[in-house]
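A quick write-up on the structure given underneath.
The values are calculated or read from the model by the stated rules, or taken from the named source; none is laboratory data. Since the model is a prediction, treat every value here as computed from it, not as a measurement. For neighbour counting, all protein chains shown are included, and Cβ atoms are generated from backbone atoms with ideal geometry for every residue, glycine included. Side chains included, ligands, DNA and RNA excluded: accessible areas come from the protein's heavy atoms. Shrake-Rupley method; radii C 1.70, N 1.55, O 1.52, S 1.80 Å.
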Amino acid sequence: MLVASLYVYTFLGEFILLYPVYTLLFADAGLSVAETSSLFVIWSVTGMVLEIPSGAWADRVSRRLLLCLGPLLAGLGFGLWVLFPSYWAFALGFVLWGAEGALVSGAFEALSYEELSRRGLETRYVTVMGRATSVGLVADALAIGLAVPVFAAGGYLAVGAASVLACALCAAVALTLPERRTRGTEQPKSRYLAILREGVTEARTDPGVLHAVLQVSLVTAIWGALEEYVPFLAAETGVAKTTIPLLILLVWIGATAGGLLSGVVSAYAPLLALGAVAMAAGALVGHPAGFGLIAVAFGAFQLAGVLAGARLQERITGTARATVTSVAGLGTNLVTVVVYVVYGATSSYVSHGTTFAILVLPYLLISVAGRRRDPLGQGRRLRDFLRRRRVGPGAPPA
């Protein structure tokens with residue numbers, strides 16, 4: 001029941017029909033490109049400011065509560081967009097949406113890992129998170145496909161209502177998630193600050209946790225940012241505009257496959273090296289056929305990101321699990337912004353293909369550093385994984 005609820009929660013959280021059309025809503029409301037860009041800045045800044053405080057709140061109060069509250073805030077924001085289409089309504093909606101992302105990010109991973117661990121199924125965390133990621137990608141694709149006929153039938157009000165409904169259902173599913181945590185009988189009001197300090201201190205001073213936080217931030221942010229520029233890379237190959245969505249779909253299939261392979265493939269450093277080489281080769285070839293390699297790269301990076309997240313959860317030993325995870329989330333946001341800036345500066349002088357190749361170089365460095373740090377670790381983890389698989393059927397069901 002736990003795992004199924006996590007998958008349904010992820011699906012509903014991404015099944016937002018407004019996603020493909022909200023920029024059109026802004027344009028129809030009379031917003032300029034600069035005003036729209038300012039909204040994206042508001043969204044990003046809100047998420048970064050609230051990321052770590054919301055993680056500590058999840059550790060102090062209830063992760064399930066935050067997982068319920070987050071979608072409700074996003075749904076409220078989407079409702080404001082379609083009912084009162086104006087700049088300030090859009091800005092408030094992005095604040096609420098940014099708050100949703102911050103509330104959910106650390107709490108989701110922390111609750112998932114601890115509830116699986118309580119059942120003796122912590123070794124399934126990689127598989128569950130990988131499949132949850134793939135479920136989210138499928139929901140994105142279905143939302144894009146369904147948005148077209150729903151928008152044609154009922155306009156912005158229809159897709160907005162569907163999005164609010166998805167958020168409400170997502171919040172309801174959150175209430176079905178189990179959460180059993182050991183608490184003291186009485187906790188002082190200052191306990192929040194103590195948890196916040198504990199989480200930040202563990203992320204900063206524990207070498208293993210700090211290394212895992214940096215890995216998560218770098219591995220997930222770079223390819224996540226590059227994904228936004230895939231349409232430009234596709235256009236650079238010279239294909240017709242009608243073909244670009246097909247190439248993007250191919251990349252999406254690769255990323256989805258990477259998530260589904262979680263728990264089957266665990267060679268972390270080789271995955272990063274494979275992804276970097278495949279991405280650089282596919283981007284530099286300048287031909288649509290290169291998108292096959294790019295799809296492989298996105299699949300490898302998706303899987304590596306899930307493995308990095310699992311390593312982080314394994315290394316957290318304190319009670320501020322959601323806080324530490326939120327520190328990694330903040331790092332991911334910061335690295336993403338850096339990639340955006342570097343991409344914008346670099347692509348002004350070289351092709352998109354060359355820019356892609358340059359920006360995946362850190363993956364090769366991370367791969368080499370990982371091998372030097374633990375040259376025998378890959379084989380040992382594989383043997384441990386196979387041993388767990390042999391004894392797995394005896395474990396209690398989730």
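Quick notes on this structure:
- Just so you know, in segment 107-144 the residues that are closer than 14 Å to Leu312 by Cα and in contact with a strand residue (DSSP E or B) (Cβ under 8 Å, 6 or more places away or on another chain) include one that is surrounded by the most Cβ atoms within 10 Å (Cβ to Cβ), and it is Met129.
- Boolean, Leu24 is assigned to a helix (DSSP H, G or I) and either crowded, with 19+ Cβ neighbours inside 10 Å or at pLDDT 90 or above (or both): no
- Of all residues in segment 263-272, those satisfying the criterion of being modelled with pLDDT of 85 or more, open to solvent by less than 30 Å² (accessible area, probe 1.4 Å) and out of contact with any strand residue (DSSP E or B) (no Cβ under 9 Å at 6 or more places or on another chain) are Tyr268, Ala269, Leu272.
- Any hit, segment 35-47, residues being in contact (Cβ under 8 Å) with a residue 60 or more places away in the chain, part of a helix (DSSP H, G or I) and surrounded by fewer than 20 Cβ atoms within 10 Å (Cβ to Cβ): yes
- Residues of segment 73-106 that are open to solvent by 30 Å² or more (accessible area, probe 1.4 Å), over 19 Å from the mean Cα position of the chain (by Cα) and farther than 18 Å from Leu157 by Cβ: Tyr87, Trp88, Leu92.
- Residue in segment 175-182 that is of a type in the set (Lys, Arg), open to solvent by 60 Å² or more (accessible area, probe 1.4 Å), touching a residue at least 60 places away in the same chain (Cβ under 8 Å) and part of a helix (DSSP H, G or I) present: no
- The condition of being at pLDDT 90 or above, of a type in the set (Gly, Ala, Ser) and over 21 Å from the mean Cα position of the chain (by Cα) holds for only one of Ala174, Ala168, Ala143, Ala162, that being Ala162.
- Evaluated against (1) polar (S, T, N, Q); (2) open to solvent by less than 30 Å² (accessible area, probe 1.4 Å); (3) modelled with pLDDT under 90, Thr323 falls short on exactly one condition, (3).
- In segment 200-232, residue nearest to the chain's Cα centre (by Cα) [restricted to those that are surrounded by 16 or more Cβ atoms within 10 Å (Cβ to Cβ) and of a type in the set (S, T, N, Q)]: Thr220
- Enumeration of residues in segment 177-208 that are among the polar types (S, T, N, Q) and at pLDDT 90 or above: Thr201, Thr205
- The set of residues in segment 108-127 that are out of contact with any helix residue (DSSP H, G or I) (no Cβ under 7 Å at 6 or more places or on another chain) and not hydrophobic (A, V, I, L, M, F, W, C) comprises Ser117, Arg118, Arg119, Gly120, Thr127.
- Scanning segment 145-164 for residues that are hydrophobic (A, V, I, L, M, F, W, C) and surrounded by 15 or more Cβ atoms within 10 Å (Cβ to Cβ) turns up Leu146, Ala147, Val150, Phe151, Ala158, Val159, Ala161, Ala162, Val164.
- Residue in segment 234-245 that is open to solvent by less than 70 Å² (accessible area, probe 1.4 Å), in contact with a helix residue (DSSP H, G or I) (Cβ under 7 Å, 6 or more places away or on another chain) and of a type in the set (S, T, N, Q) present: no
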